[in-house]
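All of the numbers you see were taken from the coordinates with simple rules; none came from a lab. Predicted model, so just to flag it, every value in this text is computed and none were measured. Don't worry about glycine lacking a Cβ; one is built from the backbone with ideal geometry, like all the others, and counts go over all protein chains shown.
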């Protein structure tokens with residue numbers, strides 16, 4: 001037990017400082033720990049046990065395969081997302097939220113542990129999250145939270161259900177299907193049941209019903225609720241017709257980097273996002289009705305995006321913005337000013353420590369991400385300078401392993417055979433001009449290469465990259481770029 005508690009000690013100091021923590025009843029232990037240089041400066045949070053009177057509730061919603069650009073709040077006036085737009089207006093929306101490993105299982109492992117894929121060993125889909133990893137709900141329970149998880153889990157090691165009880169560790173309430181993309185067939189395993197529960201209807205609606213009941217049942221004590229939707233992940237035609245009809249007669253334009261017409265796919269994709277938006281509205285109303293909206297950290301994000309034909313590619317696991325740039329909205333009225341749009345870089349491994357920091361909960365010392373809570377609270381401007389991108393090829397990917405670095409201005413990625421892409425994101429947000437072989441940008445490329453290798457060295461990531469040449473980039477002949 002003592003060793004487990006030691007794992008929960010915070011490490012919110014810079015690499016030039018030592019981490020000091022207290023544990024046990026009267027025993028004070030000094031842990032001389034070299035902290036990750038990516039950690040912002042700040043005093044360590046002072047307790048493990050939470051104070052029920054002051055701790056915020058946490059509602060963390062994950063969409064599957066939703067790119068950042070598919071929201072009105074991100075400047076897309078074609079998609080119908082009034083509730084997400086309202087959520088953004090009531091909190092802060094991050095334009096540079098990045099999926100550090102843009103595919104389902106690895107993203108979820110990074111989210112649950114605050115650790116990079118090579119550290120947990122979860123480097124492709126359908127690998128089991130190791131049972132000895134310290135995960136988000138265990139830390140929250142240690143701090144006195146009631147914990148709940150509803151929806152897609154995808155961390156149990158294979159796609160067969162039910163999800164075993166060990167995977168449930170840390171979750172008090174558990175209504176989960178490991179992985180399925182049959183969004184029109186709502187099936188889940190409740191708590192330790194060995195038999196599935198089947199409920200007719202659109203899966204996000206059923207899952208939101210469960211989430212609202214969880215909120216009602218636990219409103220008298222601090223709770224954390226994770227809600228993981230399946231849509232807008234393909235197959236796209238499963239979305240209920242009522243949402244498709246909302247786009248009837250509307251001409252939908254693809255992004256300027258799409259060479260072939262994808263209007264009908266886009267219509268179904270947007271319709272699925274609108275169905276998610278409706279359920280975000282229901283969750284917001286439930287929190288307001290329970291009197292919990294002001295003291296609840298409400299996060300909306302996604303595991304990765306969807307190329308949808310951009311660059312001639314589809315799905316995810318690519319280094320382009322449509323794949324790696326994900327939505328990230330955080331509303332917390334008690335601490336976070338409303339109406340903010342920020343260009344901060346937030347990557348997957350930062351999400352756990354940041355939420356723990358906002359909740360005044362000690363961060364496990366094994367966490368590799370940054371606690372950005374002080375940045376969100378407005379008491380620090382010490383931001384992340386870059387996101388580390390990692391991908392190991394499996395089915396559905398580009399055919400090659402690759403690594404990359406994403407800053408506010410640049411994206412650079414290399415694959416198994418060498419350089420792949422380099423884009424100036426400030427001047428070329430749709431990535432229409434790959435500068436990887438442009439001699440005018442060799443100095444920029446060299447700097448990014450060096451920064452990428454420095455990150456890999458610091459993190460101890462040295463996995464060899466293998467693969468085949470990815471499909472070529474395909475762009476329209478005369479792209480039209482919006483003003």
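For the reader, a short list of remarks on this structure follows.
- FRET efficiency, 1/(1 + (r/R0)^6) with R0 45 Å, evaluated for residue 382 and residue 481 via beta carbons: 0.85
- The overall shape of segment 388-483 is oblate: from the C-alpha gyration tensor, with semi-axes ordered a ≥ b ≥ c, the ratio a/c is 1.5 or greater and a/b is no larger than b/c.
- Those residues of segment 357-379 whose amide nitrogen sits under 11 Å from the label point placed on residue 334, 7 Å along Cα→Cβ: 359-360
- Residue 128 versus residue 191: modelled label distance in nm, points set 7 Å from Cα along the beta carbon direction: 2.4 nm
- Packing-based exposure ordering (other Cβ within 10 Å, fewest first) of 337, 308: 337, 308
- Taking a ≥ b ≥ c as the square roots of the eigenvalues of the Cα gyration tensor, an a/c ratio below 1.5 marks segment 57-377 as rounded.
- Global form of segment 334-381, assessed from the alpha-carbon gyration tensor, a/c cut-off 1.5: oblate
- With both residues required to sit in segment 57-377, DSSP beta bridges show an antiparallel share near 30%.
- Residues of segment 57-94 falling in the label zone of residue 181, defined by backbone nitrogen less than 11 Å from a point 7 Å along Cα to beta-carbon, are 65.
- Counting 0.36 nm for each residue step from residue 264 to residue 341 and taking away their Cα separation leaves a gain of 24.6 nm.
- Contact order, relative form, for segment 387-459: 21 percent (alpha carbon pairs under 8 Å, 6 or more residues apart, mean separation divided by residue count).
- Projecting label points 7 angstrom from Cα along Cα→Cβ for residue 424 and residue 242 puts them 4.9 nm apart.
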